[in-house]
Each structure stands twice: as C-alpha cells, then as structure tokens.
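Before any comments, here is the structure.
The values are calculated or read from the model by the stated rules, or taken from the named source; none is laboratory data. Small disclaimer: the values here were computed from a predicted structure and weren't measured. Glycine gets a Cβ as well: all are built from the backbone with ideal geometry, and neighbour counts include every protein chain shown. Heads up: the accessible areas ignore ligands, DNA and RNA and are worked out on the full protein's heavy atoms, side chains in. Shrake-Rupley method; radii C 1.70, N 1.55, O 1.52, S 1.80 Å.
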Amino acid sequence: MSWWLAKLLGMERLEGGEVESVRLSFAHLQTPYHVLAFLAAEALLVWAVIFFYRREPAYCPRRRKVAMAAARILGLNILLLILAGPVLEIVKSGTSRSKVAVLLDVSESMSFRDAAAAGPEDRLRAAMLLGLTGTNAGGGSPLPPERERELAGASRLDLARGLLRHKEIGLIEKLREKYDVEVLTFARAADIAPVGSGDAPLPPEALERLKADGKCTELGRSLRAVVNRLKGQPVAALIPVTDGGSNKDEDPILVAGDIGVPIYPIGIGAPDARDIQVVYMFAEDVMFVEDSAPVYVRLRHRGYGGETVSLVVKRDGETIQERRIRLSEVSPEETVEVRISQKEKGTFEFRAEVPARPDEINADNNWKSQKIRVTDEKLRVLMVEGDPGWEFRFMKAALMRDRKRMDVKVIQRSADPDLAGRPGSEYLPNRGIPPREQLFKFDVIVIGNVKSDFFTKKDMENIVRFVQEEGGAVWIVAGPNHMPDGYKDTEIERLIP
C-alpha cells in the first residue's frame, strides 16, 4: 500500500504487512431496492442539471454551460455517494510487538533497609545488585567491613534501582529485544507514572530521583490500572518489582486471575525480616475531664507472632499507661483498645508506641500520635421537632440523662407555649429558631420531622452558615412526613446527604 493512501486512511502503524483483500461496499445500499433508488436519484440529478442549464440565456457560451453542468453533476454525485455510506475494507496480515510493563514499587515500605538482615544467599544477591561484588562471586567469602556498611545502608528501592540498571543482568535490554517495554512506578493506582519513554535507555537521573514515599501499596488495583492503561495493545506480561506488601484495596491474587495477563513478580527485601508497625491510632478529637475514653491502636507485625510486646501510651512525652500484648500467631494485624482519662483540661498530644526491638528492620514506624482536646464545658444541643415521635422522645431522654455533659434545649412546634415559661424548663418558644448570635452558641443542632415552613429563609441560611463557617454539627433525623423530602429545593437540602 502506498504511503499516501496509508496516511489518508490512518493506517501508518500497519505498514509492512501483506494486503490480503480490498473491498468497497456501501452501508446504505444493502438491498436491490436501495440500489434502484440510488440509480433513480442519480439519473434525476443528471437530468435536472442538464434541464436547468439548457434554459440558461444565450449570452452564456455553450462551452461554459457544459463545464459548469459537469462540475455540478460531479459535486452532486460525490454528495450522493457520501449519503450511500461508502466503506473501504482492507485486510492486512502482519506481526506487531507485544508490550511488557515493568512496575516499580515506590511505597514507603520500599525505604526499609533490611539487606543486612537477610540470609547468606540473599545478601550475596543484594551485594551484586548494588555493585559491591561481581555476578560470579562465591557465597562463602565475607564482604569487607566498608562493603558491609554500604549493604546495611541500602534500601529496598536501592536494590530495585540496581536491578533495573545492572549491565550484566540487562533485564530491560533483554526484554526490549522482543518486546516494547514500559517502566512505571506505582504506590496507589492513581499515582502510576512512567519512568523514561519508549525504547530509550532508562535515564539514570530519573531512577535516582525516585523516592519511596507512597502512603500505601495498592498492588492489586495497580495491576488492573496498568492493563486498562494498555487496553487495545497486546500485553505479553506484567513484571512488578515490589516487596509484596499490598495493604489496601483489591487482593492481587484475585486481580491476577481476573485480568488474564501473565504476571512475573520480582521480590525485593529480606523474606524473613522482622518488623512491628503501629498502623494507626484513633480517638475522638474531644474528650471530657475525668471521662474514660477509648483509643484504638492498630498493630501490624511480621516475624513476632506469639511473642509479647509492650504497648505504651504517652501524654506529652509522659507515660500514662503500659500494656503487655501477646501478638497473634494467625493474623499479621490486630486492633488493641486502650482507655485513657484526663483530670485536667487542655490540648494534649497522646502517643501510642511499641518500643523497637534490636532485630527490627525499621524502628521509625513503631508509633503514632494524635492531639486531643480535653474539656469540662457542657455540650450545647438544640433539638428542633414537629410532632414528637419515638426517636425524638428516646434521644431527648438520653441526652438529658447526662446533665453533667449536656445542656439541651428543645423547640417543639406542637408543644404547649406555656412550657417555655416554666422555671428550669428545657423548652424554648416555638415561634422559630433563635437569632444568629444565640444559634451559633450551640455545638449541635438536631433537626427532626418538622415541616420546612417552620423555618424562614433566613433561619435556613443561618443553619447552613452554622455548619460551613462556624464548624458546628447538624444532626438530621429522617421522618415519615416532612424530612427529608419536604426540604427539596431549600437551603437545608445542601446539608442532606
């Protein structure tokens, strides 16, 4: 096929194959009746052009009439052919290079330095990748002390870099002899990015710029994302270079069976390295003085199953609690609940940590901290309700039972107006909600099954501002009559999920 025809038809990538057949068809001329109608329209157009040009005045030369009629007949025929839906079908056969994607893990766990903790064979492989010894070095020869220090200071990402640029191994170069190779980095699936481009050698500066700072490892989802990224191209294999620490989203094993692409993982890191990590610490941001508040600490461990460790809780650097915990032999993760209390008000930094073991590969991930505000102020709650239902009665009783912590006020549309005037009554006048200055003094507004016309437009605007500008909370309780359907196209609709 000539170059210009391939360019015209957008078939440059198919150049070099053998043309097996060329066929022209018309999508709108599928039956004899369609063909007959097409020919009739063709004849009618030719007759109409000739008829009108023969009626042209005599001052137009005959030669010009013939040229103009021929041009018009040609243009109308082209339009008629376009309406017929021409399709040019060219069948070519040939070969194309498949794609191989190399996925380089850049999550935080790739910053671990555990090469020195590996067995003799793994230590030898690590030293070879770092260029500390040759590929033919024997496993019985110990490394010099300075080489040992370099090995101990090498991260998992350093080993992965060494693998990709090692000239004797030539992983990328050997793959490119048969395949188009793309090197990508991943931690989260949304962060997948190429390293270098095309068949050009991997730029050393691009590899050196890589940092192991991904907050999680979405290995399964990243595999699926790469296959989607290469959709429409023949994919020969995926080669993830990773420590295998998938800790979020889809299971890589299930994804591997689902995507239908061969996967050849290359493991990085010492398989028997030991580590304890405090994954997260969760507690409420505000607690009351002398209240016992729960703190949940998630631990992840490897190599310490069945052993007992200390979980220490500190407040502003001072140890306030220590618990002995026996780590599970079955699950690598477990959540521990610790209850804390504070006699003084203020803002304090609470820290949960597990003292590092001497044989841990990473001592920087053994703690998490959180700032918690301790207060003795009552929580001010405003309840707005129409007709009191079971939810309202239960909630009101539960809140008012804790008078030490709660200051509850109630606006009930159907309540007796005299309730608001009684001494010590929690009821406010039911003529509407308080003005802005008083409304913003509350911490929480509970809106029940009250009709929307109880609020003025200004009231609704103040409630929205109470949330968006003052940081207050609005608790919306759905009901059978008015909430939430009765608040469609109102200001409060913006607060409803």
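Take Gln321 and tell me if it is assigned to a loop (DSSP other than H, G, I, E, B), more than 17 Å from Arg300 (Cβ to Cβ) and open to solvent by less than 60 Å² (accessible area, probe 1.4 Å). Judged against the criteria, Gln321 is not a match.
When the range 103-119 is limited to residues that are charged (D, E, K, R) and modelled with pLDDT of 80 or more, the one that is surrounded by the fewest Cβ atoms within 10 Å (Cβ to Cβ) turns out to be Glu108. Restricted to helices (runs of 4 or more DSSP H) entirely inside the range 120-182, those with at least 1 residues that are among the charged types (D, E, K, R), at pLDDT 85 or above and under 30 Å from Gln233 (Cα atoms) are 156-165, 171-176. Taking the numbered list (1) in contact with a helix residue (DSSP H, G or I) (Cβ under 9 Å, 6 or more places away or on another chain); (2) open to solvent by less than 50 Å² (accessible area, probe 1.4 Å) in turn, His28 passes all entries but (2).
Here Ser331 passes the criteria (1) of a type in the set (Ser, Thr, Tyr); (2) under 15 Å from Gln277 (Cα atoms); (3) open to solvent by 50 Å² or more (accessible area, probe 1.4 Å); (4) free of Cβ contacts under 8 Å to residues at least 24 places away in the same chain except the one numbered (3). Residues that are part of a strand (DSSP E or B) and not aliphatic (A, V, I, L, M) within the range 327-344 comprise Glu333, Glu334, Thr335, Glu337, Arg339, listed in sequence order. Name the residues in the range 345-396 that are among the hydrophobic types (A, V, I, L, M, F, W, C), outside any strand (DSSP E or B) and more than 30 Å from Ile445 (Cβ to Cβ), would you? Within the range 345-396, Val354, Ala356, Ile361, Ala363 meet the criteria. Checking the stated criteria, Asp459 turns out not to satisfy the condition of being more than 19 Å from Glu377 (Cβ to Cβ), out of contact with any Lys or Arg (no Cβ under 9 Å at 6 or more places or on another chain) and open to solvent by 30 Å² or more (accessible area, probe 1.4 Å). Is one or more of the residues making up the range 65-76 touching a Phe, Trp or Tyr at 6+ places or on another chain (Cβ under 6 Å), open to solvent by less than 60 Å² (accessible area, probe 1.4 Å), farther than 30 Å from Leu157 by Cβ and part of a helix (DSSP H, G or I)? Yes, because at least one residue in the range 65-76 is touching a Phe, Trp or Tyr at 6+ places or on another chain (Cβ under 6 Å), open to solvent by less than 60 Å² (accessible area, probe 1.4 Å), farther than 30 Å from Leu157 by Cβ and part of a helix (DSSP H, G or I).
Give the residue that is modelled with the lowest pLDDT, with candidates limited to residues of the range 397-425 that are closer than 15 Å to Val444 by Cα and in contact with a helix residue (DSSP H, G or I) (Cβ under 8 Å, 6 or more places away or on another chain). Filtering the range 397-425 for residues that are closer than 15 Å to Val444 by Cα and in contact with a helix residue (DSSP H, G or I) (Cβ under 8 Å, 6 or more places away or on another chain), the one modelled with the lowest pLDDT comes out as Met406.
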